[in-house]
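J.: Just dropping this structure here.
The values are calculated or read from the model by the stated rules, or taken from the named source; none is laboratory data. Given the structure is predicted, the values throughout are model-derived calculations rather than measurements. All Cβ positions, even for glycine, are placed from backbone atoms using ideal geometry, and neighbour counts span all protein chains on display. Remember, those area values only see protein heavy atoms, side chains included, never the ligands or the DNA or RNA. Shrake-Rupley method; radii C 1.70, N 1.55, O 1.52, S 1.80 Å.
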Amino acid sequence: MVSPISLIVLLLSVSLADSASVQESFVQCLNLNSDKTFPFYSSIYTASNPSFTSILDSSAQNLRLLVPSAPKPEFIFTPSRDSHVQAAVICSKKLGIHIRVRSGGHDYEGISYVSEIESPFIVVDLVKLRGIDVDVKSNTAWVQAGATTGEVYYRIYEKSSVHGFPAGLCTSLGIGGHITGGAYGTMMRKYGLGVDNVLDAQIVDANGRVLDREAMGEDLFWAIRGGGGGSFGILLWWKIKLVPVPPTVTVFTVTKTLEQGATKILHKWQEVAPYIDENLFIRVIIQPSSDGRNKTQRTITTSYNALFLGGARTLLQVMKTSFPELGLTRKDCLETSWIKSVLYIAGFPSDTPPEVLLKGKSTFKNFFKAKSDFVREPIPETGLEGLWQRLLVEDSPLMIWNPYGGRMSQFSESETPFPHRNGTLYKIQYLSLWQEGDKNAAKHIDWIRKLYNYMGPYVSSLPREAYVNYRDLDLGINTKNSTSYIQASAWGYRYYKNNFDRLVKIKTKVDPENVFRHEQSIPPLPL
């Protein structure tokens, strides 16, 4: 009779042997389909490798998806060349190994490094593919998928102080996945999203071919610019269009508490921010804090965090005319360069040199759950007051309101898969953050779900829209054996509105076998 301990040891040894054989087969296949002289073993990290956990954790933002109980990949492959990514696709398909692809790790539900729907799986991490080639003369740059937005901004700044790119506010975003979902930032009201400023791309398709815009065709080029990551191929490069920025820009942060009239000011912001000068982006960061006069009491703080593409004098005139309620003064304004404004908005200390952007590391790692909404009518003051009551009972909630309008209103909903355009006043991001790990996760997730339900009457409807780069598996998921159109439409119309149907048709054409799949990937129609 085999003892329970012996059985466990036996099963573990079989599992490790299976893992080793999967790795061995994968490496052999890579050698057959790529550079035979490349030492692939040094680019593969299994659970037995001392670096496995640090590599897995390296760019992941949400600690909720790194707990011991979360599914772990069979191994992580870190390709060094585009041809290695090609070979990885060919080999995973040939060997029947499911792949997840990570470019930056910011995905809110961890679908680039966790699979809840099938096992085994591997992670192809593009962390080594960070090339950036800026050509100021043609106002363009080729950017490799593993580069961060901060690295892109820095390389542009190296070549020119009057060029920029309208992408994310967080500088550790992987540019590959970031742009596939839209890519918004402080210049969106002036120049649109990152996807609106993409000229070309290179991807590896389901057959392992590298395709540029001409080779992939306009349908697939349309789909990858806002259709979400992980559905159509693996992004290798984006060719982006640089945009002009003035030598001097102005930033400010003005905070108002409930006691300082925050409710009325925020109500006014809703009516002003989407229609104000398109050079001005004023987001609002909302969270509870201690009352300055009574440390045992909590209040709500609303921080107006802004970038103006111009000098302080002009900004003050704009604010005096359009939004005097905020009470902006000259001493609130900081005139600076565009690259320094990137650091300011990202929350770096004022004396931080731009070179910090080359580190590509995030300072934000938390246990969190997030959701999103789009607002088309101002929320009344009574609605805001109910919101405050709910925020005050949660330990560490955060809301960020980002204004739309300007250039964003000039694109049709179908120009790219990102549909949240004309008529959108602003987007809401909801977050609940905690530090205790598994212990109180259910409590915080329950709170944010209840808050989301409360906000239902005040936000977009039919569908209630959501931002695909703030993945939310509460909206519904695909499963390994049931990635049906009907099932996927539960979240598909929220992320893409009527563009979802076109995305499904393109998916069916370019990846009918559903090689690139995850919990919320675009499903192909049955063959």
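J.: Could you tell me which numbered condition LEU63 fails, if it satisfies all but one of (1) at pLDDT 90 or above; (2) more than 22 Å from the chain's Cα centre (by Cα); (3) open to solvent by 40 Å² or more (accessible area, probe 1.4 Å); (4) under 23 Å from ILE117 (Cβ atoms)?
T.: (2)
J.: Also: Could you check how many residues of the stretch 106-125 are buried (at least 23 other Cβ atoms within 10 Å of the Cβ), assigned to a loop (DSSP other than H, G, I, E, B) and not β-branched (Val, Ile, Thr)?
T.: Matching residues across the stretch 106-125 total 6.
J.: Look through ILE76, ILE111, ILE117 and report the one residue that is at pLDDT 95 or above and out of contact with any Gly (no Cβ under 8 Å at 6 or more places or on another chain). Talk me through it step by step, then tell me what you get.
T.: Values: ILE111 fails: out of contact with any Gly (no Cβ under 8 Å at 6 or more places or on another chain); ILE117 fails: at pLDDT 95 or above.
Exactly one residue qualifies, and that residue is ILE76.
J.: Moving on to the next point. Taking the stretch 492-519 on its own, how many of its residues are open to solvent by less than 10 Å² (accessible area, probe 1.4 Å), assigned to a loop (DSSP other than H, G, I, E, B) and over 20 Å from ASP205 (Cβ atoms)?
T.: Qualifying residue count, the stretch 492-519: 1.
J.: Take ILE445 and tell me if it is open to solvent by less than 20 Å² (accessible area, probe 1.4 Å), aliphatic (A, V, I, L, M) and at pLDDT 95 or above.
T.: On the way: open to solvent by less than 20 Å² (accessible area, probe 1.4 Å): no; aliphatic (A, V, I, L, M): yes; at pLDDT 95 or above: yes.
In short, no.
J.: Suppose the filter is over 19 Å from PRO288 (Cβ atoms), modelled with pLDDT of 95 or more and open to solvent by 30 Å² or more (accessible area, probe 1.4 Å); does PRO417 pass it? First the steps, then the outcome.
T.: On the way: over 19 Å from PRO288 (Cβ atoms): yes; modelled with pLDDT of 95 or more: yes; open to solvent by 30 Å² or more (accessible area, probe 1.4 Å): no.
No.
J.: Can you confirm whether THR314 is in contact with a strand residue (DSSP E or B) (Cβ under 9 Å, 6 or more places away or on another chain), open to solvent by 60 Å² or more (accessible area, probe 1.4 Å) and assigned to a helix (DSSP H, G or I)? I'd like the intermediate steps shown before the answer.
T.: Working: in contact with a strand residue (DSSP E or B) (Cβ under 9 Å, 6 or more places away or on another chain): yes; open to solvent by 60 Å² or more (accessible area, probe 1.4 Å): yes; assigned to a helix (DSSP H, G or I): yes.
Spelling it out, THR314 is indeed in contact with a strand residue (DSSP E or B) (Cβ under 9 Å, 6 or more places away or on another chain), open to solvent by 60 Å² or more (accessible area, probe 1.4 Å) and assigned to a helix (DSSP H, G or I).
J.: Only one residue in SER489, SER484 is open to solvent by 10 Å² or more (accessible area, probe 1.4 Å), more than 21 Å from SER414 (Cβ to Cβ) and small (Gly, Ala, Ser). Which one?
T.: On the way: SER489 fails: more than 21 Å from SER414 (Cβ to Cβ).
Selected residue: SER484, the only one of SER489, SER484 that is open to solvent by 10 Å² or more (accessible area, probe 1.4 Å), more than 21 Å from SER414 (Cβ to Cβ) and small (Gly, Ala, Ser).
J.: Follow-up question, since we're still on this one. Based on this model, can you work out whether ILE522 counts as open to solvent by 30 Å² or more (accessible area, probe 1.4 Å), hydrophobic (A, V, I, L, M, F, W, C) and closer than 22 Å to TYR113 by Cβ? Before you say what the answer is, go through the steps one by one.
T.: On the way: open to solvent by 30 Å² or more (accessible area, probe 1.4 Å): no; hydrophobic (A, V, I, L, M, F, W, C): yes; closer than 22 Å to TYR113 by Cβ: yes.
Considered against the rule, which asks whether it is open to solvent by 30 Å² or more (accessible area, probe 1.4 Å), hydrophobic (A, V, I, L, M, F, W, C) and closer than 22 Å to TYR113 by Cβ, ILE522 comes out as no.
J.: Scanning the stretch 126-159 for residues that are among the small types (Gly, Ala, Ser) and part of a helix (DSSP H, G or I), which turns out surrounded by the fewest Cβ atoms within 10 Å (Cβ to Cβ)? Break it down stepwise before answering.
T.: Here is the first cut: in the stretch 126-159, the residues among the small types (Gly, Ala, Ser) are 131, 138, 141, 145-147, 150.
Filter again for part of a helix (DSSP H, G or I), leaving 138, 150.
Details: SER138: 10, GLY150: 26.
This residue is SER138.
J.: Select from the stretch 192-227 the residues that are of a type in the set (Lys, Arg), touching a residue at least 40 places away in the same chain (Cβ under 8 Å) and more than 17 Å from ILE522 (Cα to Cα) and list them in ascending order.
T.: The one that is of a type in the set (Lys, Arg), touching a residue at least 40 places away in the same chain (Cβ under 8 Å) and more than 17 Å from ILE522 (Cα to Cα): ARG209.
J.: For residues in the stretch 208-242 being within 15 Å of GLU415 (Cα to Cα) and open to solvent by 20 Å² or more (accessible area, probe 1.4 Å), which is nearest to the chain's Cα centre (by Cα)?
T.: My answer is ARG225.
J.: Let me ask something else. State all residues of the stretch 247-287 that are among the charged types (D, E, K, R) and surrounded by fewer than 18 Cβ atoms within 10 Å (Cβ to Cβ); if no residue qualifies, say none. If you could, list the steps in order and put the result at the bottom.
T.: Initially, the stretch 247-287 is screened for residues among the charged types (D, E, K, R), giving 256, 259, 264, 268, 271, 277-278, 283.
Result: GLU259, LYS264, LYS268, GLU271.
J.: Which condition number does SER138 fail, the rest of (1) free of Cβ contacts under 8 Å to residues at least 40 places away in the same chain; (2) hydroxyl-bearing (Ser, Thr, Tyr); (3) within 22 Å of GLY233 (Cβ to Cβ) being met?
T.: So the condition that SER138 fails would be (3).
J.: State all residues of the stretch 363-386 that are over 25 Å from ARG421 (Cα atoms) and buried (at least 20 other Cβ atoms within 10 Å of the Cβ); if no residue qualifies, say none.
T.: Selection gives PHE367, PHE368, LYS369.
J.: Let me spell it out: the conditions are (1) modelled with pLDDT of 95 or more; (2) of a type in the set (Gly, Ala, Ser); (3) not in a helix (DSSP H, G or I), and SER362 meets all of them except one. Which number is the exception?
T.: (1)
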